Structures are given as C-alpha cells and as structure tokens.
1. Against the definition (in a strand (DSSP E or B), in contact (Cβ under 8 Å) with a residue 24 or more places away in the chain and not aromatic (Phe, Trp, Tyr)), how does Ile100 come out, yes or no?
2. Would a scan of the stretch 10-26 turn up a residue that is modelled with pLDDT of 95 or more, of a type in the set (D, E, K, R), part of a strand (DSSP E or B) and more than 16 Å from Ala170 (Cα to Cα)?
3. With in contact with a helix residue (DSSP H, G or I) (Cβ under 6 Å, 6 or more places away or on another chain) and either aliphatic (A, V, I, L, M) or buried (at least 20 other Cβ atoms within 10 Å of the Cβ) (or both) as the only criterion, which of Asp43, Asp88 stands out?
4. Can you list residue pairs whose Cβ atoms sit under 9 Å apart, with the first residue in the stretch 286-304 being under 18 Å from Ile262 (Cβ atoms) and the second being surrounded by fewer than 17 Cβ atoms within 10 Å (Cβ to Cβ) and hydrophobic (A, V, I, L, M, F, W, C)? Count only pairs 6 or more apart in sequence or on different chains.
5. Looking at Asn63, is it of a type in the set (S, T, N, Q), crowded, with 22+ Cβ neighbours inside 10 Å and assigned by TED's automatic domain parsing to the domain that holds Ser27?
6. Working carefully through the options Tyr70, Tyr82, find the one that is in contact with a helix residue (DSSP H, G or I) (Cβ under 6 Å, 6 or more places away or on another chain) and among the hydroxyl-bearing types (Ser, Thr, Tyr).
7. List the number of the failed condition for Gly183; all other conditions in (1) under 15 Å from Asn293 (Cβ atoms); (2) surrounded by fewer than 17 Cβ atoms within 10 Å (Cβ to Cβ); (3) of a type outside the set (Asp, Glu) hold.
8. Run Asn94 past the list (1) without any contact (Cβ under 8 Å) to a residue 60 or more places away in the chain; (2) surrounded by fewer than 24 Cβ atoms within 10 Å (Cβ to Cβ); (3) in a loop (DSSP other than H, G, I, E, B) and report the number of the one that doesn't hold.
Amino acid sequence: MKTAVVILNWNGKQLLEQFLPSIVNFSEGVADIYVADNASTDDSINFIKSNFPSVKIVVNSKNGGYAKGYNDALEFIEADIYCLINSDIEVTANWLPPIIDVFQKEANTAIIQPKLLDFKNKEKFEYAGAAGGFVDYFGYPYCRGRVFNNLEDDNGQFNDTTDIFWASGACFFIRSSVFHKLGGFDEDYFAHQEEIDLCWRAQNEGFNIKYVGTSTVYHVGGATLQESNPRKTFLNFRNSLLTILKNVPCKHLAQVILVRLILDGVAGLKFVLELRPIHTWSVLKAHLSFYKNLRRFIKKRRQIQRKSDYSIHTSVVWQHFILARTKFKDLQ
C-alpha cells in the first residue's frame, strides 16, 4: 500500500531539526515523506531543502491550523494511506509495517493510532493519545493509559491491537479514500478535537478505528500550543461542545449538552480558585462561540448519517473526580 507520512509545520524549524531525522531514517523505503507547511515565516523550507532533499514539500497559502492545513495539503498528495504526524514526534524502528499490515488485512479499518509515549519520560504514556481514545456519555475524551491528567507507566499492558473510539491527531493514520469521502477535517475547529469528530463521523459510516500497540512513537506534546495557553483552553472547550452537537443522537443530545454546559461552568470556577482567571474567560468565550456557531453546526448535523450505536454509559468525570479512579482498567 502506498503510504505518505505528512508532517504539518508552522515555524517549526527547531522541531524539524530535532525530529525529522528519525522520521526519515525509519520511514524511507516504506513511505514517502512530506512536510505540509502552513505558510511559515521562519527558515523551515530552506532547511528541509538543504538537509533532506528526499522530503517533498507542500506549501499552503496561509496558516489554517491543523484542520485546514491538512485538508489543503492532502489535495496534492497521492497515497493509499495518509499518516498525519506532528512535528514534535520521534518515531522508532519498524513503526510503519505493523500498521500497514492491519490496513492490508482489515478492509473495514479506516483509521489507526500507534502507541504514544512521552518523549520527556519514555516510560509513561503521553497525554494526546496514549493507547487509544474513547469518549464518555457526556463527550469527555479519555484514553487507555490516560484519564484526565493521570498518566500510566507503560508496562506492556497496552501492547495489543484493539478497537478504539478515536485516534490521536498527533499520529493519525487514515485511508485516503475515507478521508476524502468524509470531506476531511472540519475546518471550523482550527485545531484540537477535530480528529475525534472525524473518527465519530467515520464510525457513523460503518468504519472501524484501531490502536496498534506494536508500533511506538514518542511525543513531546504542547510544542505548538502549550497547555497553559488560554487559546488552547478556548479551542478544547468550544470544539468539544461542537463535536457533541454534530454527533450525539437526538434522544441524548439535550441532556448531554445541558450537563456539559454546567460542568464547564464548574471548570471555569476551578480556574478562578487556581488563580487562572484568564482560562475562565477562555471557557466563557468558548460558550459564546458555541452559541454563535449553533445554527451552522445544526446544519452540519443534518448532513451526518448516525448509523453507529450510541451505547456509551460511562461518566469519566464521576468515576475520576468522585470515585477517585485514575487508571483505565478501573473505569466501568
């Protein structure tokens, strides 16, 4: 299967200097390597041309974030499988063959994620995707190996291949045919949680999402937009609400949105108590933006065929914050 490893870059010359060598060393001969540049103003392009002539470059006309950046670039890349990978990831030997093998054997598997470990502490899972993602009844994302901010050590407990609900956008494999059939990422997201929305839409079309634990990558995390950045808070809260509005079936929708709005208010109060009022303001702006986009996303919702069974009953908020469960295996 023809595979394209596509690295989205925006003013990331230092990250490319550090992490592009591992991708080239462990991918050449198995996949074509591309950098999709989001209108960088640093010396990224010249650096790639001078040091990695085998790497192909697609230059976007503007910085449209993760969603539009990939949508624009992938129009010019021909492959059976796209691997969308962050510029702050170190890959390992033999990281591609186990994933390509699953795609070859399972025609209905559309999206795959490898094991994501923390580059700064390689014995721990990494926040952005760990060992594959899920959502609870109220739309909160969590992972095998990561429940909210609690990260598990990698002791081989997730070396399996299994179905998941969403794959991390930090290292996201998808069949090109499915990506284009679904219209790619929703560009209104800009960045954060657009991969959850895409995975949800893929499942509504009957496709499977998989985690392959025999492929490992190491992710820095927050290299583009750090956790302390209020812009990240805004995008996460707003985009989570938009994903719920688009994808949750009608009989659950009102309850899920109402509870989420209340819990977001609690989170905003928590930011105040932590002396981080700027993040409280980000939550408020996220809600205002959600209301502003309400009509447009209701129209998008009507275009989605909800074929998947919404049989999620877990509340990860209740189990983590009330029952003090911190590991994936303890969630019920």
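1. Working: in a strand (DSSP E or B): no; in contact (Cβ under 8 Å) with a residue 24 or more places away in the chain: yes; not aromatic (Phe, Trp, Tyr): yes.
In short, no.
2. No; the residues of the stretch 10-26 include none that is modelled with pLDDT of 95 or more, of a type in the set (D, E, K, R), part of a strand (DSSP E or B) and more than 16 Å from Ala170 (Cα to Cα).
3. On the way: Asp43 fails: either aliphatic (A, V, I, L, M) or buried (at least 20 other Cβ atoms within 10 Å of the Cβ) (or both).
Only one candidate qualifies: Asp88.
4. Pairs found: His287/Leu261; Phe290/Leu261.
5. Values: of a type in the set (S, T, N, Q): yes; crowded, with 22+ Cβ neighbours inside 10 Å: no; assigned by TED's automatic domain parsing to the domain that holds Ser27: yes.
When the stated conditions are applied, Asn63 does not pass them.
6. Being in contact with a helix residue (DSSP H, G or I) (Cβ under 6 Å, 6 or more places away or on another chain) and among the hydroxyl-bearing types (Ser, Thr, Tyr) holds for just one of Tyr70, Tyr82, which is Tyr82.
7. Result: Gly183 fails condition (1) only.
8. Looking at each condition in turn, Asn94 falls short on (1).
The values are calculated or read from the model by the stated rules, or taken from the named source; none is laboratory data. Owing to the predicted nature of the structure, the values given are computational and were not obtained by experimental measurement. FYI the Cβ positions are ideal-geometry reconstructions off the backbone, even for glycines, and counts take in every protein chain you see.
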